[in-house]
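Trainee: Please find one structure pasted underneath; my questions will follow.
Readers should treat all values here as calculations from the given coordinates under stated rules, not as data from a laboratory. Computed from a prediction, not measured in an experiment: that's the story for all the values here. Note: ideal-geometry Cβ built from the backbone for every residue, glycine included; neighbour counts use all protein chains shown.
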Amino acid sequence: LVFGVGSSPFLLEAVLKYHLAKNCGVDPFVTKRLSNSFYADNLETSVHNESEFKRLINVSNELMKKGGFELRD
């Protein structure tokens with residue numbers, strides 16, 4: 001993915017949506033949350049409790065790593 005050109009944000013979103021749609025069976029709660037929570041290369045979301053938070057962190061890291069993406073704090 002090339003950064004710095006006008007189409008970069010669109011291409012990034014398309015790649016993320018494709019990756020998440022391809023892996024939606026992993027954990028539908030997390031993949032739906034990720035699919036609706038990226039803005040450019042930032043992830044912003046909320047959960048109801050600590051157990052959902054831990055689930056989101058663990059599954060998100062594994063899922064995104066599978067696609068070659070690294071989530072950082």
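Trainee: How about segment 10-49: which of its residues are charged (D, E, K, R), more than 15 Å from F69 (Cα to Cα), surrounded by 14 or more Cβ atoms within 10 Å (Cβ to Cβ) and under 11 Å from the mean Cα position of the chain (by Cα)?
Mentor: R33
Trainee: Filter segment 50-61 down to the residues that are among the charged types (D, E, K, R) and free of Cβ contacts under 8 Å to residues at least 24 places away in the same chain, then identify the one that is surrounded by the fewest Cβ atoms within 10 Å (Cβ to Cβ).
Mentor: Here the answer is E50.
Trainee: Of everything in segment 20-68, what is in a loop (DSSP other than H, G, I, E, B) and more than 21 Å from P9 (Cβ to Cβ)? Give them in sequence order. Steps first, answer last, please.
Mentor: First pass over segment 20-68, keeping only residues in a loop (DSSP other than H, G, I, E, B): 23-27, 36-37, 40-41, 44-49, 67-68.
Result: N23, C24, G25, V26, D27, S46, V47, H48, N49.
Trainee: Still on this structure: Across segment 1-44, what is the total count of residues that are over 21 Å from I57 (Cα atoms) and among the small types (G, A, S)?
Mentor: 5
Trainee: What about F3, is it surrounded by fewer than 10 Cβ atoms within 10 Å (Cβ to Cβ), out of contact with any helix residue (DSSP H, G or I) (no Cβ under 7 Å at 6 or more places or on another chain), assigned to a loop (DSSP other than H, G, I, E, B) and among the aromatic types (F, W, Y)?
Mentor: So F3 passes the test.
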